[in-house]
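The values are calculated or read from the model by the stated rules, or taken from the named source; none is laboratory data. As the structure is a prediction and not an experimental result, all values here were calculated from the model. Neighbour counts run over all protein chains shown; Cβ positions are idealised from the backbone, glycine included. Ligands, DNA and RNA are excluded from the accessible area calculation, which covers all protein heavy atoms including side chains. Shrake-Rupley method; radii C 1.70, N 1.55, O 1.52, S 1.80 Å.
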Amino acid sequence: MKASIKSVLLGGLASLVLASTALPALSQQKTLKFVSWQKDERGVGDWWASVIKEFEAKNPNVKIEWTKVERGAYADTMTTLFAGGKPPEIVHLASFEFQKFADQGWLEDLSPYVKSSGLNLDGWAGQSACQWKGKPVCVMLLYFGNIFAYNEEMLKKEGISPPKNWAEYIAAARKLTKDTNGDGIPDQFGTGHETKGGGGQYLSELMNYTLDAGGRWTDANGKVTINTPQMVEGLSRWKEVVKNSLTPRDLSAGETRQMFADGRIAMKLDGPWLYPIILRGKAKDQIKIAAPPFNPPLGGSSNILGMASEIPADSKKLVWDFITIATSDKFQSDFATLANSTPPSPRAKTDGAKGATPHFDILVQTAQAASKAGVDRIPKGLEIQYNEFAKMIMEESQRMIIQDLDPKAVAATMQAKAEAIQKQ
Amino acid sequence: MAGGRFSLDLARPSRQHWLGYILLAPAVLLIAAIIVYPLIVSVDLSFQNVGIARLDQPRRPFTTANYERLFTSPDFWNACWVTLKLIVVVTSACFILGLGTALLVNNRFKGRSVARLLVAMPWAVPEVIAVVIFAWIFDSSFGLMNWVFLSLGLIDKTINWFSDPDAAFAVVATTMIWKGYPFVSIMSLAGLQSIPEDYYAAARVDGASALQRLRYITLPCLMPVIGVTTVLVMLWIFRDFSIIYVLTGGGPLKATQTLSIMTYEQAFSFFRMGYASAIGVVTLVICVIAAKLTMRRAPDNL
């Protein structure tokens, strides 16, 4: 009996000791919130997971709470989180939306951290876009150049070689758009663009043609330059493609990519993210990737990593540790392999990427070509008004197609409206 | 009981109503917290020039600029017109279909329970799922509707349902009607079942035809139900967001941009929360006036 009382007492004591040592450990457990739309994306999602794993291994008392928010609801979710005073500590935003957050003072100035850690951002692709009011408020995660993917079998069937310029491209698109089953409804398309959805994607799709025609939304000083012969030519090309239904109408970008991957669209101009979708498609063995037939190719900054400004100092230190891991040479090299994309770091080793991404050289080549030509999807001088500008361009382009308007008149209207938006 | 001490004797007849207030207080406080407070904040924001609103920021100077801009904006009047068109088209169609199906399933016939279930089914389908179904039906390239119309020889080339302003409006209205008519049907069916059978028996004895029984018994007896249902359907159309947003996003060329879509766009796409609040406040005022008018007039006039 005595022995059993003793064992109970000892057991109780041991439990107390364990509890007293475990409780402080539990109380020291810290959580950093990280919201992203890329969580389930094959490739880049895996890369994020590897960064988180490394961070948690280095900081055993810190857990990253990684939450997915759909891209369509991303801006309003993040706005609500920041406005409600509960922002995620690690901030992931698209490069066309971070400016609004930076303008509110919600993103931390990273210059002291960059300076103290010695992070070298020289030659970091797209990093200049992260400057807000003269200070770096983010690190660019991707600067890309568009690729040109085509269904070799469909082109061969029509006796077409991969196009090298606009004239060849439009001729091929016309020849490849057809009704294959004779039900009166075209079911094979020369090319594929999103024509339904948000203004940002619409703008990107349209820019493939305006850039090749030599048009720019604004000049280097941010002055609106839409009412030019080059831009009129670009708009005419867009009208020709969409009005003649050489692209399936009213589809989202995701649906268009899937149709291409399944062999219903012959040619597709898109970013590096198209490749993982191709690999899952029915026509993956028929698809080849080349440099776009347009010059310069569409390219630009994609998404950024930053730090919320209104968080405690110890959290800021941890967030910087996270950014340091993501921007390290090792993880930048892994970015090329896992995410099938060009890493922004000039020090990243991309030799291994060719195994996972056979067209990796083309990605590098087009990103460099876009960068050299100073191409970005976000027009200079319209960063803050980007959403409104993109919506306006989409509506005026739709009006041009629906009401069969002269592109010259449309360019003049766009110019006036863009100037009004810029003045707000 | 000592005279100076507070006591609340709820058993006293003069204080019995206090119990009601006490029981209601938690609900009232909750409603105040989740409805009235945001409403006050929204009205307050509508009189400020605010980009992204934060409650911990100092109040901006009072201005009526948001309302001045709103009432001179063609986009606002367009959104009002689109909302009005949707209300008229969707409410009318919902009533014709809802009342028709309610009259049908109110009769006794074999399989009535299944018929009632089928009539009510669209109401149970989540809005986003309904939208996905209709987006596929009306897909411009691979949708069912184009194939049916072409097969029947009604059209000679495919309709771009979401690139044509009139077609896009028709798609949105059709989806809303499909989603909304079962509610009218269920409410009407409940109303029909409360009409005493004696009325119809007496009318039959007097030689009233089926149409006369509908005109002089069914519809007058259903008026209270129809009045309330009209208000509820109207308010649903006013506030509905997901159907339009997922199907068309308000486009093309703002052909389906209602006041609720415009409010969302201004707040979360263009980050003009003061202006968006002004649209929200005006929408609320319109809703209150419309509801008041409908509730007051419908039962008496029809």
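The figures follow:
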quantity: Modelled FRET efficiency - R0 22 Å, B:Cys221 with B:Asn107, Cβ distances, 0.05 increments; calculated: 0.85
quantity: Cα-only Debye scattering, the protein assembly as shown: base-10 log of I(q)/I(0) at q = 0.05, 0.08 Å⁻¹; calculated: -0.34, -0.80
quantity: Whole-percent carbon and sulfur share, accessible surface of segment A:103-224, 1.4 Å; calculated: 48
quantity: Modelled FRET efficiency - R0 41 Å, A:Glu70 with A:Asp179, Cβ distances, 0.05 increments; calculated: 0.75
quantity: Value of [θ]222 nm, deg cm²/dmol, for chain B, DSSP H segments ≥ 4, -39500 (n - 2.57) each, nearest 500; calculated: -21500 deg cm²/dmol
quantity: Peptides B:82-89, B:37-44 ordered by average Cβ neighbours within 10 Å, highest first; calculated: B:82-89, B:37-44
quantity: Interface residues, segment A:378-402 - accessible area loss of 30 Å² or more versus chain alone, probe 1.4 Å; calculated: A:Asn387, A:Glu388, A:Lys391, A:Glu395, A:Gln398, A:Ile402
quantity: Links that overshoot a 24 Å alpha carbon limit, given the list A:Lys33/A:Lys349; A:Lys243/A:Lys268; A:Lys100/A:Lys417; A:Lys243/B:Lys179; A:Lys196/A:Lys239; A:Lys115/A:Lys354; calculated: A:Lys33/A:Lys349; A:Lys243/B:Lys179; A:Lys115/A:Lys354
quantity: Packing-based ranking, highest mean first, of B:139-150, A:250-261, A:191-202, B:163-174 given that Cβ atoms within 10 Å are counted; calculated: A:191-202, A:250-261, B:163-174, B:139-150
quantity: Order of exposure, largest accessible area first, which applies to A:His92, B:His17 with probe 1.4 Å; calculated: B:His17, A:His92
quantity: Acute angle (nearest 10 degrees) that the helix A:329-338 long axis makes with the longest principal axis of chain A, alpha-carbon atoms; calculated: 50
quantity: Cα centroid separation - segment A:27-56 against segment A:295-358, whole Å; calculated: 13
quantity: Listing of segment A:173-203 residues, each with accessible area lower by at least 40 Å² in the full protein assembly than in the chain alone (probe 1.4 Å); calculated: A:Ile185, A:Lys196
quantity: Whole-angstrom gap from segment B:140-154 to segment A:205-263, using each part's C-alpha centre; calculated: 28
quantity: On Cα atoms only, tilt of A:199-212 relative to the major axis of chain A in degrees; calculated: 50
quantity: D (Stokes-Einstein, µm²/s), Kirkwood Cα radius, segment B:66-301, 1.002 mPa s at 20 °C; calculated: 108
quantity: Sum of side-chain charges, A:Glu54 neighbourhood, beta-carbon under 12 Å (Lys, Arg +1; Asp, Glu -1); calculated: 0
quantity: 5 Å-binned pair-distance histogram of segment B:17-97 (Cα, whole percent); calculated: 3, 11, 12, 11, 12, 13, 13, 12, 9, 4, 1
quantity: Listed residue (B:Ala267, B:Trp236, B:Phe76) projecting farthest to the positive dipole end of chain B, Cβ model; calculated: B:Trp236
quantity: Over 20 Å (Cα to Cα) - which of A:Lys157/A:Lys178; B:Lys85/B:Lys254; A:Lys284/B:Lys157 fall in this group; calculated: A:Lys284/B:Lys157
quantity: Paramagnetic reach from A:Arg42 (point 7 Å along Cα→Cβ, amide N under 13 Å) across segment A:312-349; calculated: A:339-340
quantity: For segment B:137-216, accessible area per residue (1.4 Å probe, heavy atoms of protein chains only), Å²; calculated: 52
quantity: Cβ-isolated cysteines (cut-off 4.7 Å), the protein assembly as shown; calculated: B:Cys80, B:Cys94, B:Cys221, B:Cys287
quantity: Solvent-accessible area buried by A and B, counting both chains, probe 1.4 angstrom, square angstrom; calculated: 2800
quantity: Phi to ³J(HN,Hα) by Karplus 6.51 cos²θ - 1.76 cosθ + 1.60 over segment A:340-354, Hz, x for Gly, Pro; calculated: 6, 10, 7, x, x, 6, x, 8, 5, 8, 10, 4, x, 5, 5
quantity: Helical mean residue ellipticity (222 nm; -39500 (n - 2.57) per DSSP H run of 4+; nearest 500) of chain A; calculated: -14500 deg cm²/dmol
quantity: log10 of Debye I(q)/I(0), alpha-carbon scatterers only, for chain A at 0.06, 0.10, 0.14 Å⁻¹; calculated: -0.30, -0.73, -1.31
quantity: Label-point gap, in nm, between B:Lys157 and B:Ile34 - each point 7 angstrom along Cα→Cβ; calculated: 5.3
